[in-house]
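Accompanying notes for the structure given below.
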Amino acid sequence: MRKPNQAPKTLRGDARALVESCPGALSRLAARRITQFLDQELAPTGMSAAQLALMAQIAAAEDDTLGALARRSGLEQSTLSRNLRTLETAGLIEIASVEGDLRRRAVWLTETGARRLEAAIPRWRKAQARLAQWIPQTLTLRLAEASRGLQD
């Protein structure tokens, strides 16, 4: 029962409330905006923000298996494979079966990939500093940490 001066519920009103308050929708919107900004900033490196982040995940990790990389990066196996194929075709990474277990595969940066990543990091740092003018790094770290509890 609605109050006398209360506007009736409408699909448009409910949808607007969802758009304005849904954590999933808002975080995806923010992620797209941040990614577009970083892609633009990183364009001179010839790599997208997603490619740079994936290469950094590969370079930073001790466990070089695809399964571990999928867990660290939060990507579905099919998405990870598609993204890795692009990097492999460009000669930036290598993928091979793990010795002793042909079902497991490992990934690592090639010499070219390591040089490209190393050359891109200064531009990434400048992009991060510019991004921090609008979105403080502490906020992104807090969001990433808070969302860890949502994993399986």
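Under 1.5 on a/c is rounded, so check that first for region 1-82, then, if it is not, pick prolate when a/b is larger than b/c and oblate when it is not; a ≥ b ≥ c are the square roots of the alpha carbon gyration tensor eigenvalues.
prolate
Compute the helix-to-body angle for 49-60: its Cα long axis versus the longest principal axis of the chain, expressed 0 to 90° and rounded to tens.
Orientation of helix 49-60: about 50 degrees from the principal axis.
Once phi is turned into ³J(HN,Hα) by the Karplus curve 6.51 cos²θ - 1.76 cosθ + 1.60 with θ = phi - 60°, what whole-Hz value does each residue of region 21-35 show in order, with x for glycine and proline?
9, 6, x, x, 5, 5, 5, 5, 4, 4, 4, 5, 5, 5, 4
Shape verdict for region 76-117, please, from the Cα gyration tensor: rounded (a/c under 1.5), prolate (a/b greater than b/c) or oblate.
In terms of gyration-tensor shape, oblate.
What's the extension gain from D39 to E62 if we count 0.36 nm per residue and subtract their Cα-Cα distance? Could the numbers behind the result be given before it?
Working: separation 23, 0.36 × 23 = 8.28 nm, distance 2.71 nm.
Result for the pair: 5.6 nm of gain on full extension.
Rounding to the nearest 10 and keeping the result within 0 to 90°, find how far the Cα-based axis of helix 111-131 lies from the longest principal axis of the chain.
30
When the chain is fully extended, how far beyond the present Cα-Cα distance does A30 get from A132, taking 0.36 nm per residue of separation? Intermediate results must be reported in sequence, preceding the final value.
Numbers: separation 102, 0.36 × 102 = 36.72 nm, distance 1.37 nm.
Contour length minus Cα-Cα distance gives 35.4 nm.
What residues have an amide H closer than 5 Å to that of R105, excluding those fewer than 5 places away on the same chain, when H is modeled at 1.01 Å from N in the peptide plane?
Those lying under 5 Å, H to H, from R105 are L66, G67, V98.
Work out the FRET efficiency for A17 and A144 from their Cβ-Cβ distance, taking R0 = 25 Å, and round it to the nearest 0.05.
The value I calculate is 0.40.
With a 1.4 Å probe and all protein chains left in place, how much of the accessible area of region 1-143 comes from carbon and sulfur atoms, in whole percent?
54
The values are calculated or read from the model by the stated rules, or taken from the named source; none is laboratory data. Because the structure is predicted, anything quoted here is derived from the model rather than measured. Don't worry about glycine lacking a Cβ; one is built from the backbone with ideal geometry, like all the others, and counts go over all protein chains shown. In case anyone asks, the SASA skips ligands and DNA or RNA and just uses the protein heavy atoms, side chains included. Shrake-Rupley method; radii C 1.70, N 1.55, O 1.52, S 1.80 Å.
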